[in-house]
Amino acid sequence: MGRTALTDGSGAWFLTESAVLFREQTKFDGRNQISVPTGSQWEHEYLYFTKSGKWVQNCWSNYQGRGESYSQIDEATAIAWLIQNECFDRGELEELPKSIQDAVKAGFEAAEI
């Protein structure tokens with residue numbers, strides 16, 4: 001198993017193999033797949049829920065020379081990301097604690113006008 005270090009210089013790390021991975025949602029704009037969280041065809045994000053219950057956001061770019069980053073985010077930001085990426089009906093959501101599942105579903109339902 002490989003450890004993935006956070007890129008904030010803290011020395012913290014997590015195991016991607018034991019974390020729940022949420023891939024970004026994309027939308028086709030007629031020519032390209034566009035990342036929902038970034039609004040770009042070049043910039044991308046994934047979200048991990050670690051075995052210890054922490055949230056890690058993975059950002060990367062297709063632009064040459066831009067590095068990949070892993071940073072810890074708070075639960076409210078993670079829930080907003082899950083709602084934006086329409087993760088409420090994905091199987092991965094079932095691997096999260098019930099309180100988080102309920103918050104994602106409630107947030108999605110509240111967004112309907």
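Rule-based calculations on the coordinates, nothing more; no lab input. Everything numeric here is computed off the predicted structure, so don't read it as measured data. Counting neighbours? That spans all protein chains shown, and the Cβs are built from the backbone with ideal geometry, glycine included.
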*Phi to ³J(HN,Hα) by Karplus 6.51 cos²θ - 1.76 cosθ + 1.60 over region 6-18, Hz, x for Gly, Pro*: 5, 9, 8, x, 6, x, 6, 8, 8, 9, 5, 5, 9
*Over the chain, what is the mean sequence separation of C-alpha contacts under 8 Å (at least six apart), divided by residue count, expressed as relative contact order in percent?*
19 percent
*Tell me which residues come under 5 Å, amide H to amide H, from GLN41 once H is placed; ignore anything under 5 positions away on its chain.*
SER35
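May I ask for the Kirkwood hydrodynamic radius of the chain, worked out over all distinct Cα pairs and given in angstroms to one decimal?
On the way: mean 1/r = 0.0669 Å⁻¹.
Answer for the chain: a Kirkwood hydrodynamic radius of 14.9 Å.
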*What are the ³J(HN,Hα) values, in whole Hz, obtained from phi via the Karplus relation 6.51 cos²θ - 1.76 cosθ + 1.60 with θ = phi - 60°, for each residue of region 42-51 in sequence order, with x given for Gly and Pro?*
9, 9, 9, 9, 10, 10, 10, 10, 7, 4
*Treat the count of other C-beta atoms within 10 Å as a stand-in for reagent exposure and order VAL20, VAL56 from fewest to most.*
VAL20, VAL56
*How large is ³J(HN,Hα) for each residue in region 104-113, as worked out from phi by the Karplus curve 6.51 cos²θ - 1.76 cosθ + 1.60 (θ = phi - 60°), to whole Hz, x for Gly and Pro?*
5, 5, 5, x, 5, 5, 5, 6, 6, 9
*Considering amide H positions built from the backbone, and no H for Pro or chain starts, which residues 5 or more places from THR26, or on another chain, come under 5 Å of its amide H?*
VAL36
